[in-house]
Structures are given as structure tokens and as C-alpha cells.
1. Hey, does the stretch 137-146 have a residue that's among the aliphatic types (A, V, I, L, M), at pLDDT 90 or above and touching a Phe, Trp or Tyr at 6+ places or on another chain (Cβ under 9 Å)?
2. Select from the stretch 44-63 the residues that are in contact with a strand residue (DSSP E or B) (Cβ under 8 Å, 6 or more places away or on another chain) and surrounded by 11 or more Cβ atoms within 10 Å (Cβ to Cβ) and list them in ascending order.
3. Taking into account only those residues within the stretch 87-119 that are at pLDDT 80 or above and aromatic (Phe, Trp, Tyr), which is surrounded by the fewest Cβ atoms within 10 Å (Cβ to Cβ)?
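The values are calculated or read from the model by the stated rules, or taken from the named source; none is laboratory data. The shown structure was predicted, so the numbers you read here are calculated from the model rather than taken from an experiment. As a convention, Cβ positions derive from the backbone with ideal geometry for all residues, glycine included, and neighbour counts pool all protein chains shown.
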Amino acid sequence: MIARIFKNVVKIGAVTLAAAMVGACVTTPADRIAENPAAFQSLPPQQQLLVQQGRIEQGMSADAVLLAWGAPNSAPVYGEKDGRKTERWIYRGYEPVTVMSDWGSPHYGPYGWYDPLYPTSSTAYIPTQDAYVEFVNGKVTSWEKKGN
């Protein structure tokens, strides 16, 4: 797969590499089920249906959430609630924001050097929390997903 990506880069350019690398990291519930068939088969039939749809429900195990949503992209947060151990998985994304250049100094942009009084903008990405799952004693007790 990587060899094919690099071959395309020579033909099309560096933008293809960035898009292909991001696309290669995204997995679906079907991909995760194919990689872990034993974990999937160990789930009750109702949970298997939810996992295939990328959904979770109260009482699911961490293995079921891994199959449905994938691994969280930040370290779990551990705590205690009513004398029971809790674990929170946070799924992060990035939101684009427009950033204006500083006034008062010349700067270089896509078309060369700009006058200090000529503003430019660029796009930056700030981290956001897109979803979380909370477990108590290893079972899902609450969750929230942006857009669902």
C-alpha cells in the first residue's frame, strides 16, 4: 500500500501523499471487525448489530466500543464515582479557523513578499472534543458524539 502511495506522489504530487496518509488511517467498523473477528463473535447479537452500524449502547464492554468507534486518540482519563472506578475515552478532531497575519511587518505569502499594510489570512486547526465514552467498572455508562 505504501509503495503504491509513493508511486502516485511522483505522478500527482505531495498533496496526494497527505490525502492518502489521512485516508489510510481512517478505519470503519467493518475494517475493525475483520481485524478482530473473535472479539466481534463474543458480543451478544444485539451488540453485533450496533457495532456494525458504528453505534454503542449502555452496558457495552470496552472491546465492543473499540470495534464500533475505534481507539480513542488521547490517553484515557481515570477517576472514581460513587466508590466505583471510572474511565473516560476522549475522541478528538480538529476544526479549521482563519488566522489573519500580523500588521506592521513585511511577510512572505504564496505570491511573494507583501507590504506591511497588506493583510493575509491562513487556516489553522484547533483541537476539539468530538466524542467521549465513560465506563464504570468496564461497562459503558454514558457517551456523547458530536453530530449524533
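1. No, the stretch 137-146 contains no residue that is among the aliphatic types (A, V, I, L, M), at pLDDT 90 or above and touching a Phe, Trp or Tyr at 6+ places or on another chain (Cβ under 9 Å).
2. Once the filter is applied, which keeps residues that are in contact with a strand residue (DSSP E or B) (Cβ under 8 Å, 6 or more places away or on another chain) and surrounded by 11 or more Cβ atoms within 10 Å (Cβ to Cβ), the stretch 44-63 yields 56, 57, 59, 60, 61, 62.
3. Step by step, filter the stretch 87-119, then rank; the result is 94.
Matching residues to (1) farther than 25 Å from residue 146 by Cα; (2) of a type outside the set (D, E, K, R); (3) at pLDDT 95 or above:
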{"position": "1", "(1), (2), (3)": "yes, yes, no"}
{"position": "7", "(1), (2), (3)": "yes, no, no"}
{"position": "11", "(1), (2), (3)": "yes, no, no"}
{"position": "16", "(1), (2), (3)": "yes, yes, no"}
{"position": "24", "(1), (2), (3)": "no, yes, no"}
{"position": "43", "(1), (2), (3)": "yes, yes, yes"}
{"position": "51", "(1), (2), (3)": "no, yes, yes"}
{"position": "57", "(1), (2), (3)": "no, no, yes"}
{"position": "68", "(1), (2), (3)": "no, yes, yes"}
